[in-house]
Structure formats: C-alpha cells, structure tokens
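Everything below concerns the one structure shown next.
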Amino acid sequence: MSARRPLMAGNWKMYKTPAQTAEFFEKFLPLVAESSHADVLICPPFLNLTAAAGAAAGSKVAVGAQNCHWETKEGAFTGEVSAPMLKAAGCAAVIIGHSERRQFFGETDATVLKRTQAALASGLLPVVCVGERLEERESGRTGDVLRAQFTDGIAPLEAAGFAKIVIAYEPVWAIGTGKVATPEMAAEAHRSLRALVEARYGKEAAAAVRILYGGSVKPDNVKGLMAQVEIDGTLVGGASLDPVGFASIVNF
Ligand code: PEP
C-alpha cells in the first residue's frame, strides 16, 4: 500500500454557470461528507470559483482553477487571471498544462513551467498535466514525450518547489474519448514518470510525489485504476460534472 494520500480531482472544463455550480455542491457535499480516504478537488471555470469556494467552505472539498497566468503581479494582461487572484478567490490548487490548453491555446512546456512557478509562489497546489498523443503512442514515443515534458516543464523546478506539486498523467487519446488507458498502461507510464523524478530529485521525492491518472475515468473503471499502487488519484473531466457520478468516483 502506498503512503501517498489519494487526490480525486474534477476538471469541469467550460461547463456550468454559477447557479449550476451551487446546485452541484448542494448535491455533492453530503455524498462525500464521510469520505476521509482521499483529498477531493473541484476545478470549475474562473467565473464559478467564488460560488464554488463559498459552497465548499467548511467542507473537505477544495476548489481549484484550470489555468493561471505566469505573471504574479497585477497588470495589463487582458483576459488573464493571476495565481494570487485565484488564491484570494478561495482556490487551493490550479491545473496547469492541460492537453486542451496545449492543443488549442499554445501552451508549451516553457509556459507550463512559468505558470507552475507562479502557482507555487502564490501558495497554490499546481496539478501539472503531461501525456502523449495517439500518434506518439502508436509510434512508440510515449516515453520520449513524457521525458521531454518532464525535462522542460517540470525538472527546472527546485526540489522544494517540486515537493509541492502533483503530476497528472493524461494520455491525450483517452481524454473525452471514452477510451480509457488500461490500469496496466497507466501504471507503466506512471512508473516511467516516477523514474524521471527519481533521477532528477532522488528516491524520497519519487516515493512522495502524487501522480494522478486522467482520461475517461468513470464510476465503472475507477476501481481498477485505483487498484494500481502507482496511481495516486484521478483527474476527471466529463464524469466530474454529475454530483452522483463524481461522488461514486471519489468513493471508489
Ligand atoms: C480532463 O479533462 O482532464 C479529462 C481527463 O477529461 P475526461 O475525463 O472527460 O476524459
């Protein structure tokens, strides 16, 4: 059994209004009130963070954002939201480098690193996403892709900063497609990430870092994934929108 405490996180992407956010929490909180085996995190769109943080106050459920700007000082950055603003709005965490941001919004390993540093400097838990695309897996390049994303996006962090991040392995071909990686496939990728961590930060850091799996996690496949000692939790997109379904994932 691993000593790492599971983290069950939901990424709402661009779904739900503030009113729908309040409705979700009303149904969800009682369903996870007794769930002491895992940390629980919900990441709604920016607009809903205040509603989410208000609804979650006093519960064990933490609220996070889906991105933050790398500039921590306020300034002329139209359309952006800073990590200190997220913190002030009640966020505990922020997803960084999600594949949809890499694919549609020009996110690179260099910007992932800068955003992660800003999140750390602001006292947020960065959930840093990595993962290969289908053609990369099919051409046998999964290991190379993970190595490059780790080397350029994460490994420049100092050890003290690294100790405060969570890594999410999200194979791009499994996100929103219904194609879940088998527990063994996910565990293999997690092992290779942990080996990269060990080479850079040492054995203790590798044993301590939480690596989540994300990609079409559902109530009916979460148990098999969480049975893998390498998998320290899940980052859930579509299935985190339904309070009953996400609660059953949390309570795997
Ligand atoms: C995600 O958005 O991080 C994700 C894994 O999505 P889904 O669960 O819908 O595949």
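The values are calculated or read from the model by the stated rules, or taken from the named source; none is laboratory data. If you're wondering where the values come from, they're calculated on a predicted model, not measured in any experiment. Note that we place each Cβ from the backbone using ideal geometry, even for glycine, and neighbour counts take in every protein chain shown. Please note that ligands, DNA and RNA were not included when accessible areas were found on the heavy atoms of the full protein model with its side chains. Shrake-Rupley method; radii C 1.70, N 1.55, O 1.52, S 1.80 Å.
A few remarks follow.
- Charging the Cβ of each Asp and Glu at -1 and of each Lys and Arg at +1, and nothing else, the dipole of region 7-250 about its Cα centre rounds to 200 debye.
- Adding -39500 (n - 2.57) for every DSSP H run of four residues or longer, then dividing by how many residues the chain holds, sets the calculated 222 nm ellipticity at -12000 deg cm²/dmol.
- Normalising the Debye intensity of the chain to I(0), with uniform scatterers on Cα atoms only, and taking log10 at q = 0.11, 0.14 Å⁻¹ returns -0.53, -0.89.
- Heavy-atom surface of the chain, accessible at 1.4 Å and reported per residue (Å²): 45 Å²
- With a Förster radius of 22 Å applied to the beta-carbon distance between LYS218 and PHE46, the computed FRET efficiency rounds to 0.25.
- Each of VAL61, ASN48, ILE231 was placed along the dipole of the chain (beta-carbon charges, centred on the mean Cα), and the one lying farthest toward the positive end is VAL61.
- Relative to the current alpha-carbon distance between ASP144 and LYS164, full extension at 0.36 nm per residue lengthens the span by 4.7 nm.
- Coil-residue chymotrypsin sites (Phe, Trp or Tyr not before Pro) of region 42-94, DSSP, other Cβ within 10 Å capped at 13: PHE77
- Contact order normalised by residue count of the chain, Cα under 8 Å, 6+ apart, percent: 21 percent
- Computed in the context of the full set of protein chains, the accessible area of the chain at 1.4 Å probe radius has 57% of its extent on carbon or sulfur.
- Label-point separation, GLU26 to ASN251 (7 Å along Cα→Cβ), nm: 2.0 nm
- Using a cut-off of 26 Å between Cα atoms, the listed pairs LYS16/LYS179; LYS164/LYS203; LYS114/LYS223; LYS13/LYS164; LYS60/LYS87 include LYS114/LYS223 as exceeding that distance.
- Extension gain from THR182 to SER59, taking 0.36 nm per residue of separation minus the Cα-Cα distance: 41.0 nm
- Solvent-accessible surface of protein heavy atoms, probed at 1.4 angstrom with all chains present, puts TYR169, TYR201 in the order TYR201, TYR169, largest first.
- Cα centroid separation - region 106-182 against region 68-92, whole Å: 21 Å
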